[in-house]
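*Asks:* To start, I am sharing the structure in question, which I have written as structure tokens.
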Amino acid sequence: DLFEASYSPYLKLEFQPLSWMRFIGGVRADVYQFDVRNRCPDCIEQPEGETGDHIVNWKANMILGPWFGTEFYANAGSGFHINDARAVVTDPGINPLPRATGYEVGFRTRQFDRLEFSAAFWLLYLDSELVFVGDEGITEASDATKRLGFELFTRIKLLDWLWLRGDVTNTTAEFRGSGDAIPLAPRFTARGDLTARLPFGLSATLQAYYL
């Protein structure tokens with residue numbers, strides 16, 4: 001049996017000192033509790049125990065514009081991912097909530113009510129990477145990593161009832177100490193869809209993905 005609970009109070013602030021400049025910021029506290037019970041008395045090797053942890057994260061966004069339907073932005077902030085509860089109650093050395101810190105700059109534009117386009121460059125640091133162990137079929141906590149990449153997105157109104165959307169992402173992912181590539185980390189992903197808005201509230205979509 002595994003019971004996991006979280007509590008996340010937060011504060012958010014929006015501030016617009018000029019008509020073409022906005023700031024959005026916030027801070028959030030996350031508190032997690034893990035309770036793992038072994039229901040097999042004869043399986044002493046199985047994990048069991050209780051533990052908890054907390055983390056405080058921040059976010060800050062600056063948006064400039066719009067000018068001619070175009071905005072520029074810069075974001076920074078921190079987050080986290082959760083390690084397997086069975087692992088954190090077994091090994092006190094595993095951080096239950098490894099921190100992630102990210103930075104992003106980009107722009108987005110909307111033209112003629114038919115074309116939307118955005119581009120972003122981003123950088124992400126993880127204090128600990130979750131790596132898949134194929135021989136055992138599990139994930140395990142590993143060393144600190146970093147990722148950097150770019151993303152492109154577009155949405156085009158081909159006809160009054162037909163939309164085309166797509167995005168591509170290219171990423172370089174490596175361990176911070178050695179510079180080795182992260183096993184199985186995707187380098188290039190892409191998605192596209194064609195959506196028809198039909199009469200009487202009906203719609204149909206054709207999608208394609210690449211990984």
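The values are calculated or read from the model by the stated rules, or taken from the named source; none is laboratory data. Keep in mind that this is a model prediction, so the values were computed, not measured. Backbone-built Cβ (ideal geometry, glycine too); neighbour counts: all protein chains shown. Each accessible area value is taken on the protein alone, full model and side chains, heavy atoms only, with ligands, DNA and RNA left out. Shrake-Rupley method; radii C 1.70, N 1.55, O 1.52, S 1.80 Å.
*Asks:* Looking at the chain, which longest stretch skips every one of the GluC sites (Glu not before Pro) that is in a DSSP loop with at most 14 other Cβ atoms within 10 Å, leaving the sites themselves out?
*Replies:* So the longest stretch without any such site is 46-135.
*Asks:* Next up: Quick one: grab the alpha carbon gyration tensor of segment 130-176, order the square roots of its eigenvalues as a ≥ b ≥ c, and give me rounded if a/c is under 1.5, else prolate or oblate depending on whether a/b is larger than b/c.
*Replies:* oblate
*Asks:* Using 0.36 nm per residue, how much length does the chain from S142 to L198 gain when fully extended, once their Cα-Cα distance is taken away?
*Replies:* Gain on extension, S142 to L198, equals 15.3 nm.
*Asks:* Where does the longest stretch of the chain lie that holds no chymotrypsin sites (Phe, Trp or Tyr not before Pro) found in a DSSP loop with 16 or fewer other Cβ atoms within 10 Å?
*Replies:* Longest stretch, sites excluded: 162-211.
*Asks:* Label 7 Å along Cα→Cβ of H81; segment 109-147 residues with amide nitrogen under 15 Å?
*Replies:* 124-134, 138-147
*Asks:* Could you work out the local net charge near L97, counting Lys and Arg as +1, Asp and Glu as -1, over the other residues with Cβ closer than 10 Å to its Cβ?
*Replies:* Charge balance in the 10 Å sphere: -2.
*Asks:* Something else: Which residue, D180, D167, D42, tops the fluctuation ranking in a GNM of the chain built on C-alpha contacts under 10 Å?
*Replies:* D42
*Asks:* At 10 °C and a viscosity of 1.306 mPa s, what translational diffusion coefficient does Stokes-Einstein give for segment 35-101, taking Rh as the Kirkwood radius over Cα pairs? Give it in µm²/s as a whole number.
*Replies:* Taking Rh from Cα pairs, D becomes 103 µm²/s.
*Asks:* May I pose another question? Using a basic spin-label model with each label point 7 Å from the Cα along Cα→Cβ, how many nm lie between S8 and L64?
*Replies:* Those two pseudo-labels are separated by 3.1 nm.
*Asks:* Using +1 at the C-beta of Lys and Arg and -1 at the C-beta of Asp and Glu, which of W161, V89, L2 has the Cα lying farthest in the positive direction of the dipole of the chain?
*Replies:* Looking along the dipole axis, the top candidate is W161.
*Asks:* Using a 1.4 Å probe on the protein chains only, how many percent of the accessible area of segment 72-211 belongs to carbon and sulfur?
*Replies:* 59
*Asks:* In whole angstrom, note down how far apart the Cα centers of segment 100-166 and segment 3-53 are.
*Replies:* Centre-to-centre distance over Cα atoms comes out at 23 Å.
*Asks:* Something else now. Once the other residues with Cβ under 12 Å from the Cβ of I182 are scored (Lys, Arg +1; Asp, Glu -1), what is the net sum?
*Replies:* Neighbourhood net charge equals 0.
*Asks:* Next question, about the same structure. Would you calculate a helix-derived [θ] at 222 nm for the chain, using -39,500 (n - 2.57) for each DSSP H run of n ≥ 4 and dividing by the full residue count, to the nearest 500?
*Replies:* Result for the chain: -500 deg cm²/dmol, rounded to the nearest 500.
*Asks:* Let me ask something else about it. Given the Cα-Cα distance of D180 and Q16 and 0.36 nm per residue of separation, how much length would full extension add, in nm?
*Replies:* 54.7 nm
*Asks:* Moving on to the next point. Take I24, project a point 7 Å from its Cα along the Cβ direction, then tell me which residues of segment 91-113 have their backbone nitrogen under 20 Å from it.
*Replies:* Only 101-111 pass the distance filter.
*Asks:* Kindly provide the pair-distance distribution of the chain built from C-alpha pairs, with 10 Å bins from 0 and whole-percent values in order of increasing distance.
*Replies:* Cα pair-distance distribution for the chain, in percent: 7, 21, 26, 26, 14, 4, 1.
*Asks:* Treating the beta-carbon of each Lys and Arg as +1 and of each Asp and Glu as -1, no other charges, what is the dipole magnitude of the chain about its Cα centre, to the nearest 20 debye?
*Replies:* With only Lys, Arg, Asp and Glu charged at Cβ, the dipole is about 1460 debye.
*Asks:* Around E71, under 14 Å between beta carbons, what's the net of Lys plus Arg minus Asp minus Glu among the other residues?
*Replies:* +1
*Asks:* Could you state the per residue volume, in Å³, of the convex hull enclosing the Cα atoms of segment 1-80?
*Replies:* Looking at segment 1-80, the number lands at 113 Å³ per residue.
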